[in-house]
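Inspection log for the structure reproduced underneath, given as structure tokens.
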Amino acid sequence: MWYCFDEMTSYDTLSRRSFLSTAAALSVPPAAARKKTIPVGLELYSVRDVLQKDLEGTVRAVARQGYAGVEFYAPYFDWTPEKAREVRKLLDDLNIRCFSTHNSSASFAPENLNKAADLNRILGSQIIVMASSGGAKTLDDWKRVAERLNAGSERFRMAKIRAGYHNHASEFKPLDGTRPIELLAANTTKDVVLQLDVGTCVEAGYDPVAWINHNPGRIRSIHCKDWSSDPSKGYKVLFGEGDAPWKKIFAAAEKTGGVEYYLIEQEGYSLPSIETAEQCLARFKKIHG
């Protein structure tokens, strides 16, 4: 076969390009091998003072700061479906998500399960989190909390939403020789998310890394709230300025816990709440990488 000079040049160039493209493709790890990016949202309780006055303006400000999503807290449960649709449109317009919602134990009462499922489905929420036990004092009380979580999980599953529980310090403190959080973990189905509030866990003197490792696949959501043993500071420290071992927590959460998203939460600081939220996000990105 005969080739003219131009044809040979074109063929050689194409061959080199094919070789280089193939080599480049082989040098890039497959998607499964790349490090997964975990989105970061804001628990809106952190900015409750401004949220109560201007929900839309506050959510817009949070989106501008770079948060990928939000977690609404208990007052959302008073919304009508129409209000929830308005909020969902706002989220969609801003290209952010409602990762989950915080709820009182009353939202898990049998008569309220359908409403909780409907509102969260509209919002696009992934997890309906019980953020308060409703005053559990005995181990039998905590067993009843576990029963409510299981019942909620069964109902929410039909809407492709999971149930979850958010700890406070008291759940990590032994009660008659048993930590309530351990009782909840042992007596709820594996699809009930154990949303870890790091700050309260650390305040209780429990190791958050050990807790994550003891519950593989169940720590789908983490509240990134810090705590300082300095009595003059407590929870009023910026993310990363307290006692929590964040790098170890991130490593355990992403290797073992099954974390799907992080949530910044701040209970108070010397700066206005919106500025505090912005600083915490910047510090999170610096520490997490």
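Each residue in region 121-165 was checked for being among the β-branched types (Val, Ile, Thr), within 27 Å of Leu90 (Cβ to Cβ) and either out of contact with any Ser or Thr (no Cβ under 9 Å at 6 or more places or on another chain) or at pLDDT below 95 (or both), and 1 pass. Taken over region 141-161, the residue count meeting the criterion of being of a type in the set (S, T, N, Q) and either closer than 13 Å to Pro110 by Cβ or over 21 Å from the mean Cα position of the chain (by Cα) (or both) is 1. Is it the case that Val237 is buried (at least 16 other Cβ atoms within 10 Å of the Cβ) and without any contact (Cβ under 8 Å) to a residue 60 or more places away in the chain? Yes; evaluated as a whole, the condition is true for this residue. Of all residues in region 128-140, those satisfying the criterion of being surrounded by 14 or more Cβ atoms within 10 Å (Cβ to Cβ), more than 16 Å from Ala185 (Cβ to Cβ) and not polar (S, T, N, Q) are Ile128, Ala131, Gly134.
Residues that are buried (at least 17 other Cβ atoms within 10 Å of the Cβ) and more than 17 Å from Arg220 (Cβ to Cβ) within region 160-170 comprise just one, His168. The set of residues in region 84-103 being in a helix (DSSP H, G or I) and within 19 Å of Arg157 (Cβ to Cβ) is empty. Modelled with pLDDT of 95 or more and either closer than 21 Å to Ala74 by Cβ or not in a helix (DSSP H, G or I) (or both): is that true of Ala106 in this structure? Here the answer is yes, as Ala106 does meet what is asked. Considering only region 240-274, state which residues are buried (at least 18 other Cβ atoms within 10 Å of the Cβ) and free of Cβ contacts under 8 Å to residues at least 40 places away in the same chain. Answer for region 240-274, where residues must be buried (at least 18 other Cβ atoms within 10 Å of the Cβ) and free of Cβ contacts under 8 Å to residues at least 40 places away in the same chain: Phe250, Tyr269.
The values are calculated or read from the model by the stated rules, or taken from the named source; none is laboratory data. These numbers come from a predicted model, not from an experiment. Note that each Cβ is placed from the backbone with ideal geometry, even for glycine, and that neighbours are counted across all protein chains shown.
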